[in-house]
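Please treat every number below as a calculation from the coordinates, not as lab data. Treat the numbers as computed from the prediction; the structure is a model and nothing was measured.
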Amino acid sequence: MIDLISLDTSQLENSLVELGEKKFAAKQIRLWLCKGVPFEEMTNLSKSLRTKLRENFNEGYAKISQKHTSMDGTVKYLLELTDGNLIECVVMQYHHGHTLCVSTQVGCRMGCSFCASGIEGLIRQLTAGEMLSELIAARESGEINNVVLMGSGEPLDNYDNVTEFIRAMQSEFGIGMRHISLSTCGLVPGILKLAEEKLPITLCLSLHSAIDEKRKKLMPIAKTYTINEIIEAAKVYFKNTGRRIIIEYTLIRGFNDGQEDIEALKRVLRGLACHINVIPLNAASKNMDSPQSISEIADSFQPPSKKESYTFTAALERSGLSATVRRALGSDIEGACGQLKRRVREK
Ligand code: SF4
């Protein structure tokens, strides 16, 4: 059966016509779907239409399979899609409200060495409706004020569904574009395509090293696009949207925390309006009692101490770059991308 939430309004209209119904009900149904309501409770639809919907469609909502709440208030959900696939999303509490981190794919083909989501490769793309169903499920934690596309999956590898999702968040959930961030590992054609759309969302680049040879050890995509190519694309993005770029830099002791790394960042980021988020490597990923390691290189990684993270960030600031240490949230509940799903599957 088709998931109704995965149909856009015009597809929904066509489906209604096929059922011998009027098109206008599509808008009413869409409003109910965004509220996460079952067909039986869509009370302004006729009983016969509700019956037809039940006989021909699923609502398509993701089911909360597990919920883990961290000591810092972060909530991680393991969601089951209607085909049985599992995805994760995370709600984080900040002083400015709730931020939801959504997954955009089941699995991921990018294979970054430090990430549990890439281990099994890409299983399938998520539809825009399935991404919306993450938002619907997560609202049980409270109103969602900001959304970051930083969960499992590379958003620009699922371009059409992701941009449909972003537009639907604004039009159907009232989440403004300035409250949405998209993180990419550096798919240059995708960045340039997104720049053409001129959506005022924040673009985050998972850089992790400003030295190509080091980056290649972390992320296979670095063999396809050089750092200079990515930064040039980011400059076009800033020019078209006016949105400052966020550089994500996972700090790994003894790997990317030296003076040469600071010099490289200075050189590469010259002329780009950006801010660097220094993210201390998630210590939780080192403690997993799992028989399967993420990768040989990831096994050798050491998280930096708090002092080392602040010292590195202060050195970036002294060299004229804007940088802050990002607070680690949810490390006691496997808050990092793909960890919870991986553990459940292994069990
Ligand atoms: S870090 Fe992002 S792009 Fe890389 S494997 Fe994980 S989900 Fe994919």
Alpha-carbon centroids, segment 12-38 and segment 115-137: separation in whole Å: 24 Å
Tilt, helix 25-35 to longest principal axis of the chain (alpha-carbon atoms), in degrees rounded to tens, equals 50 degrees
Quick query: amide H of I2 versus all other amide H atoms, modeled in the peptide plane; which residues come in under 5 Å with a sequence gap of 5 or more or a different chain? N58
For segment 219-236, just list the computed ³J(HN,Hα) in residue order, Karplus coefficients 6.51, -1.76 and 1.60, θ = phi - 60°, integers in Hz, with x standing in for Gly and Pro. 9, x, 4, 5, 7, 9, 10, 6, 4, 4, 5, 5, 5, 4, 5, 5, 5, 5
Applying the Karplus parametrisation 6.51 cos²θ - 1.76 cosθ + 1.60 with θ = phi - 60° to the phi angles of segment 141-152, what ³J(HN,Hα) value in whole Hz is obtained for each residue in order, glycine and proline being reported as x? 7, x, 5, 8, 9, 9, 10, 10, 8, 9, x, 5
Using the alpha-carbon atoms, what tilt in degrees (0 to 90, nearest 10) does helix 159-173 show relative to the longest principal axis of the chain? 70 degrees
When each of K216/K306; K35/K76; K76/K235; K63/K198; K76/K239; K214/K306 is checked by Cα-Cα distance, pairs over 28 Å: K76/K235; K63/K198; K76/K239
Angle between the chain longest axis and helix 47-56 axis [Cα atoms, degrees, rounded to 10]: 50 degrees
Can you return the lysines within cross-link range of K23? Criterion is Cα-Cα under 18 Å, with same-chain partners fewer than 8 residues away left out. K47, K52
Taking amide H positions as placed in the peptide plane 1.01 Å from N, state which residues far from L122 in sequence (5 or more) or on other chains have amide H under 5 Å from it. C108, R109
Note, ³J(HN,Hα) from phi for segment 302-315, Karplus 6.51, -1.76, 1.60, rounded to Hz, x at Gly and Pro: 10, x, x, 6, 4, 4, 4, 5, 6, 5, 4, 5, 5, 5
Dividing the mean separation of Cα pairs under 8 Å (6+ apart) by the residue count of the chain yields a relative contact order in percent of 15 percent
